[in-house]
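Everything on this sheet refers to the single structure shown next.
The values are calculated or read from the model by the stated rules, or taken from the named source; none is laboratory data. Because the structure is a prediction, the values reported are computed rather than measured. No Cβ is skipped: glycine too gets one built from the backbone with ideal geometry, and neighbour counts run over all protein chains shown.
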Amino acid sequence: MTTVPPYPAGHQLLADKTVIVTAAAGTGIGSAAAARCLEEGAQVILSDAHQRRLGETTEKLAAEHGNRVQALVCDVTDERQVAELLAGAVERFGRVDVLINNAGLGGTRSVLEMSDDEWQRVLDVTLNGTFRCTRAALRHMVERGGGGAVVNNASVVGWRAQQGQAHYAAAKAGVMAFTRCAALDVAAHGIRVNAVAPSLAAHPFLAKVTSEELLDELAEREAFGRAAQPWEVANVMVFLASEYASYLTGEVVSVSSQHP
């Protein structure tokens with residue numbers, strides 16, 4: 001197992017940009033992405049359906065970044081709340097330059113036992129939520145004259161089979177296909193739409209919904225012998241959101257060290 005590298009300093013890659021991050025509460029990829037965007041000079045709207053955890057995360061980041069971080073509660077399965085999220089971000093910061101779609105719902109269940117409700121819930125949060133938020137952000141970006149970026153959080157299970165993950169894998173494969181098609185819909189407006197596909201990122205929530213044995217097995221498949229830190233995934237999100245990725249659109253970037 002390789003050691004985790006040092007946490008990199010920011011380089012103002014998103015200076016003066018306004019970024020929305022969904023599912024940003026807690027200690028996972030969303031909150032790591034929010035922190036990295038702030039460290040890169042952005043103004044950030046944190047969004048999550050969990051009000052208490054959202055408040056705790058916002059308070060922690062505001063202690064370092066002041067009023068450059070704001071919070072808005074949003075359930076991505078509710079079209080009205082999504083519209084209010086975009087309107088609230090514009091009201092507070094004047095515009096939205098970047099949307100990071102991190103909201104997703106997983107779980108482990110065999111197709112043999114999976115109910116319609118379980119299937120629908122995972123797809124509604126993970127795939128439909130990404131669609132709703134992207135649609136709202138793209139409409140705003142087009143109306144204000146174009147330009148901007150959307151970064152979606154997919155997963156390597158959109159490419160690779162994993163037992164008990166049919167609903168989640170189908171949703172993430174859908175996010176990948178949606179990313180490619182949405183990118184073509186708005187390319188003429190100078191808006192970029194890309195996605196990351198992490199393999200395994202270590203955070204407490206994952207440990208609650210996945211067995212320790214499976215996590216150890218997945219880590220062994222990684223070339224580095226360990227899971228990614230959430231901020232290592234967030235670094236790639238920041239890159240895709242920045243002007244360093246100005247010629248990338250419709251791409252799904254694997255954030256993985258998996259080997260056959």
Could you list, in sequence order, the residues of segment 143-158 that are in contact with a strand residue (DSSP E or B) (Cβ under 7 Å, 6 or more places away or on another chain) and buried (at least 17 other Cβ atoms within 10 Å of the Cβ)? GLY148, ALA149, VAL150, VAL151, ASN152, ASN153, ALA154, SER155, VAL156, GLY158
Qualifying positions in segment 161-180 - more than 15 Å from the chain's Cα centre (by Cα) and without any contact (Cβ under 8 Å) to a residue 24 or more places away in the chain: ALA161, GLN162, ALA169, ALA177
Inspect segment 63-72 for any residue being more than 18 Å from VAL98 (Cβ to Cβ), of a type outside the set (A, V, I, L, M, F, W, C) and in contact (Cβ under 8 Å) with a residue 12 or more places away in the chain and give the result as yes or no. yes
Would you mind listing the helices (runs of 4 or more DSSP H) fully within segment 21-97 where at least 3 residues are of a type in the set (A, V, I, L, M, F, W, C), out of contact with any His (no Cβ under 7 Å at 6 or more places or on another chain) and more than 16 Å from TRP231 (Cα to Cα)? 51-65, 79-93
Please indicate, with yes or no, whether at least one residue in segment 90-108 is at pLDDT below 95 and among the small types (Gly, Ala, Ser). yes
Going through segment 143-157 in order, the residues found to be without any contact (Cβ under 8 Å) to a residue 40 or more places away in the chain and under 24 Å from MET114 (Cα atoms) are VAL157
Look through ALA183, ALA197 and report the one residue that is part of a strand (DSSP E or B) and among the small types (Gly, Ala, Ser). ALA197
Test of understanding: among THR57, THR108, which residue is among the hydroxyl-bearing types (Ser, Thr, Tyr) and either under 20 Å from the mean Cα position of the chain (by Cα) or under 27 Å from LEU138 (Cα atoms) (or both)? THR57
Taking segment 228-252 and keeping only residues that are in a loop (DSSP other than H, G, I, E, B) and free of Cβ contacts under 8 Å to residues at least 40 places away in the same chain, one is left with TYR247
Residues ALA241, ALA169, ALA234, ALA173: which one is modelled with pLDDT of 95 or more and surrounded by fewer than 20 Cβ atoms within 10 Å (Cβ to Cβ)? ALA173
Can you name every residue in segment 73-101 that is under 27 Å from PRO198 (Cα atoms) and free of Cβ contacts under 8 Å to residues at least 24 places away in the same chain? ASP78
Residue check for ARG109: assigned to a loop (DSSP other than H, G, I, E, B) and surrounded by fewer than 23 Cβ atoms within 10 Å (Cβ to Cβ): yes
Members of segment 118-139 that are more than 19 Å from the chain's Cα centre (by Cα) and under 29 Å from ALA188 (Cα atoms): ARG139
